[in-house]
Amino acid sequence: MIYPLKKKKKKKMTGGELKMVLSLLTGLEPKQQRLLFKGKEREDDEYLHMVGVGEKDKVLLLEDPAFKEKKLLDRNNISASCLTIIV
């Protein structure tokens with residue numbers, strides 16, 4: 001899904017700030033997100049305009065695989081720990 005963001009001309013956005021905005025739209029916490037631009041992961045403290053992100057450029061948002069795996073393991077543990085009792 002593509003989320004167009006209007007940039008303020010005077011304010012430059014960091015990767016961390018973009019993650020905060022995206023967390024409101026996607027429900028993924030910033031620590032669960034990975035931002036990629038031109039095939040490289042961008043750090044939270046990097047200013048996006050300094051790494052070449054311009055207007056109408058696409059930045060890829062991925063869910064961090066470590067958190068995704070942990071979420072799946074947690075689901076499996078919950079279902080394994082729930083017992084069905086028939087009375």
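None of the figures in this text is laboratory data; all of them are computed from the coordinates on show. This is a predicted model, so every value here is computed, not measured.
Quick rundown of the values:
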read-out	value
Too-long pairs where the Cα-Cα distance tops 18 Å, listed order kept, from LYS40/LYS68; LYS19/LYS71; LYS40/LYS70; LYS38/LYS68; LYS31/LYS70; LYS12/LYS40	LYS40/LYS68; LYS19/LYS71; LYS40/LYS70; LYS38/LYS68; LYS12/LYS40
Theoretical gain in end-to-end length, GLU55 to LYS40 [0.36 nm per residue, Cα-Cα removed]	3.6 nm
